[in-house]
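Everything on this sheet refers to the single structure shown next.
The values are calculated or read from the model by the stated rules, or taken from the named source; none is laboratory data. Predicted model only: the values in this text are computed from it and were never measured. Backbone-built Cβ (ideal geometry, glycine too); neighbour counts: all protein chains shown. Just the protein is used for accessible areas: all its heavy atoms, side chains included, with ligands, DNA and RNA removed. Shrake-Rupley method; radii C 1.70, N 1.55, O 1.52, S 1.80 Å.
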Amino acid sequence: MRAAIFSFSARGAELSKKVAEYLHSIGYETELQTVEKYAEQTGIAPMLPDHNGACAAVFNKCQALVYVGAVGIAVRTIAPFIKSKLTDPAVISVDERGSFVIPLLAGHIGGANELSRCLAAALGATACVTTATDVNGLFAVDEWAARNRMVLCSLAAAKDFAAALVGDEKVGLYYDKEFQLIGPLPKLVVEDSSLPVGMAVTLQKHLQPFATTVRLLPKIVHLGIGCRRNTPLENIEALVLPELEKLQLDKRSVVAIASVDLKKDEQGLLAFAKKYNFAANFYSADELNSVAGDFTPSAFVQSVVGVSNVCERSAVKDSKGGRLLLRKTSLNGVTLAVAAENLVLDFTRTGLKTD
């Protein structure tokens, strides 16, 4: 994760170093910039050509922007670049004395609210969070989804879900029977599919158990793929895409493709992963042979790559021992297996370190 921290005074520049220290401690790569007037004395890079240009350079590259200075400066600077709460980075304003930490943009999905609370705790400041669910101590479905690697399918449904909670109405919860629920449910959230508004944590891309359904797609699906040498991208698509459709799986649920390491330079596989923004992971024959389970064997594959089944073992390995949704299937020299991680739903889980 990347964060850019901007300051506009000597005092603010010094505080920005403390902000960077905290962000670094929770896994951010940080970039500090200040106005040219204070750059040399503080040892921080200057904002070039100015603060507007500096923002333009990082807005779409960073997961968080922190402005140490007046809220108005931050608001005017980011205004031309705001596009969608689904894609905008978290933007936070901190006054130069470190008294208040204010999330300005992407409070839930971008994580600005939670990051503000944690940063405030680290600085000894007060977090000023204004979203309705937060100030009423209610569950924020979009924030929880983002924190738990889930795709939020409808912002409109999420808004109706939040409005029901703020109106002191119960909302429903549905989740696939293969998932495990631990811990208590949030206030006003109940396992009742008869309610008009609810959330569904599911791999079924068309499921609508409530009249207004906030469908959350967990990113837990892994594709194990084997193929002949020099198999083109189109052959891989011709097998994978229809099989995902048969399984009613949304491509957005897919985390990665996986195969044996002999295929790590296979251009068709790499092109497929790049086209659909999937990670590509490769394992040695020994690693695949060590995967426990009942897999479809092939003496020919064993003789060529040293493991009796590439696709099924790769899918299970990449999903950290998950369950197979699709056993080995093949077409035009490509084999495919699909596995899903074992998902545990925990509504008490928090996303950031606070110590």
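Table for the structure above
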{"item": "Residue that is farthest from PHE210 (Cα to Cα), among those in the range 143-167 that are free of Cβ contacts under 8 Å to residues at least 40 places away in the same chain and touching a Leu at 6+ places or on another chain (Cβ under 7 Å)", "result": "VAL166"}
{"item": "In the range 270-292, the residues that are without any contact (Cβ under 8 Å) to a residue 24 or more places away in the chain and open to solvent by 30 Å² or more (accessible area, probe 1.4 Å)", "result": "LEU270, LYS274, ASN277, ASP286, SER290"}
{"item": "All positions within the range 225-269 that are under 24 Å from the mean Cα position of the chain (by Cα) and open to solvent by 30 Å² or more (accessible area, probe 1.4 Å)", "result": "LEU241, GLU245, LEU247, GLN248, LYS251, ARG252, VAL255"}
{"item": "Answer residue from the range 293-306, given it is farther than 14 Å from THR335 by Cα and not in a helix (DSSP H, G or I) and is least open to solvent (accessible area, probe 1.4 Å) among those", "result": "GLY306"}
{"item": "One residue from ALA121, ALA132 being over 21 Å from the mean Cα position of the chain (by Cα) and modelled with pLDDT of 95 or more", "result": "ALA121"}
{"item": "Number of the exception - PRO103 against (1) surrounded by fewer than 17 Cβ atoms within 10 Å (Cβ to Cβ); (2) modelled with pLDDT of 95 or more; (3) under 30 Å from ILE5 (Cα atoms)", "result": "(1)"}
{"item": "Residue in the range 72-92 that is open to solvent by 50 Å² or more (accessible area, probe 1.4 Å), within 30 Å of LEU185 (Cα to Cα) and in contact (Cβ under 8 Å) with a residue 40 or more places away in the chain present", "result": "yes"}
{"item": "Strands (runs of 3 or more DSSP E) contained entirely in the range 1-68, each with at least 2 residues that are touching a Gly at 6+ places or on another chain (Cβ under 8 Å)", "result": "2-7, 64-68"}
{"item": "Odd one out for ALA271 among (1) among the small types (Gly, Ala, Ser); (2) in a helix (DSSP H, G or I); (3) in contact with a Phe, Trp or Tyr (Cβ under 6 Å, 6 or more places away or on another chain)", "result": "(3)"}
{"item": "Condition check for ASN235: at pLDDT 95 or above and on the phi > 0 side of the Ramachandran plot", "result": "no"}
{"item": "Cross-chain or 6+ apart pairs with Cβ under 8 Å, the range 95-111 first and on the phi > 0 side of the Ramachandran plot, then open to solvent by 20 Å² or more (accessible area, probe 1.4 Å) and polar (S, T, N, Q)", "result": "GLY111/GLN63"}
{"item": "Matching residues in the range 19-53 - criterion: being touching a residue at least 60 places away in the same chain (Cβ under 8 Å) and buried (at least 16 other Cβ atoms within 10 Å of the Cβ)", "result": "VAL19, TYR22, LEU23, ILE26"}
{"item": "Complete set of residues in the range 112-136 that are farther than 19 Å from VAL75 by Cβ and either in contact with a Lys or Arg (Cβ under 8 Å, 6 or more places away or on another chain) or in a helix (DSSP H, G or I) (or both)", "result": "GLU114, ARG117, CYS118, ALA120, ALA121, ALA122, LEU123, ALA132, THR133, ASP134, VAL135"}
